[in-house]
Structures are given as structure tokens and as C-alpha cells.
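No value in this document is a laboratory result; all are computed from the given coordinates. On a predicted model such as this, the values are computed, not experimentally measured, just so you know. FYI the Cβ positions are ideal-geometry reconstructions off the backbone, even for glycines, and counts take in every protein chain you see.
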Amino acid sequence: MGVTNYKMQGYLTGALNYFYGSDIADNSSPYSMDADYGSTAVASGTMTNVNVFRVGQSVVVPEIAEVVSIGGWITSNGGNTVTVAICKVTPTEDDITALVPIVIDEVTVTGLSSNNKLIRVSETEITTSSLASGDIIFVMVKEGSAGSTIYMNLTIQTTTF
């Protein structure tokens, strides 16, 4: 059994809709998360293969794996709820059909009204843990009430068999 850790790190100004990382061609990539998903629910929106492939924090999974934990830290200079969705898509070669991301897991924390105060993330009960070879995983973030500056530094741990 092997273990792989995928780092997801970024910052954004919180909004009611989910936001994801800037396009890798953008000078603010890979850390700025300023792309508006257009929805407050992951299942209610879509992305193109190119959108997902070019997200600054996206990672291609090289082999069949299971997500076993999500850990790290979040800060927010507001006192609102912050929801982080770790998502996956399974693109198909030579297909431009819109993709609906699948939530691997969502983590919700409450901001501590200071980016100097860390909020621990330690999640081991994963909603949708299975990953296929070629899946692309990435992170999206939203806030219960817009306007806070949010930073996150997370590790997605997987095992392979």
C-alpha cells in the first residue's frame, strides 16, 4: 500500500458562490482563487475540461486511489462560516461536454476574525473517497457572508493498493 499527499494552497476574498483557483496562464496563479463557479452548490454548476485542467490548484491523480484524510489549516479575518469543497472530475479525451464536479468532501469552519489565528482541519470521514487514474482533484471555497480574506493550506492524503 502506498501513500500520496496532494497539497492544495490558496487565498481568496470570500463570496457566497464557490470560487476556485485562477487559470495557470494568469499571473496570480497558482494561489489566487478568483474564478467564480457561479453557484453556491457544487452539484448545481458545471466546468469545461479546460477550466478544470488549468486550475492552479488542480492535480491529476496518477493511479486508482482512496482519499483517507484531509488536513491542514485555514485562516479568515471574518467570523463567518467558510466551506471548503475538495472536488474531482473525470475528464474524457476529445470530449467538450461540461463536467459537474463531484464533492470528495466538504469541510466547514468558522472564521476567527483574524488571519493570525489558525483553524485546524482534520477530516478522516470522507464522503466520496474513490479516485480513478486520470481524475483531476481541486479545491473550491465559499463563505457564509461575503468579504473576508481567507487563506488555506491543506493536504489531501490518498492510499493506493
Quiz item: Does Val61 satisfy being farther than 16 Å from Val141 by Cβ, aliphatic (A, V, I, L, M) and buried (at least 21 other Cβ atoms within 10 Å of the Cβ)?
Solution: yes
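Yes or no, residue by residue, for (1) within 17 Å of the chain's Cα centre (by Cα); (2) over 19 Å from Trp73 (Cβ atoms); (3) surrounded by 19 or more Cβ atoms within 10 Å (Cβ to Cβ):
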| site | (1), (2), (3) |
| --- | --- |
| Ile119 | yes, no, no |
| Thr124 | yes, no, no |
| Ser129 | yes, yes, no |
| Lys142 | yes, no, yes |
| Ile150 | yes, no, yes |
Quiz item: Does at least one position in region 92-109 carry a residue that is outside any strand (DSSP E or B) and under 12 Å from the mean Cα position of the chain (by Cα)?
Solution: yes
Quiz item: Since Ala15 meets every condition but one in (1) surrounded by fewer than 19 Cβ atoms within 10 Å (Cβ to Cβ); (2) not in a strand (DSSP E or B), which condition does it not meet?
Solution: (1)
Quiz prompt | Verdict on Ala85 being outside any loop (DSSP other than H, G, I, E, B), among the aliphatic types (A, V, I, L, M) and within 25 Å of Ile119 (Cα to Cα) | solution = yes
Quiz item: Taking interchain pairs and intrachain pairs at least six residues apart, which have beta carbon atoms under 8 angstrom, with the first residue in region 1-20 and without any contact (Cβ under 8 Å) to a residue 24 or more places away in the chain and the second crowded, with 20+ Cβ neighbours inside 10 Å?
Solution: none
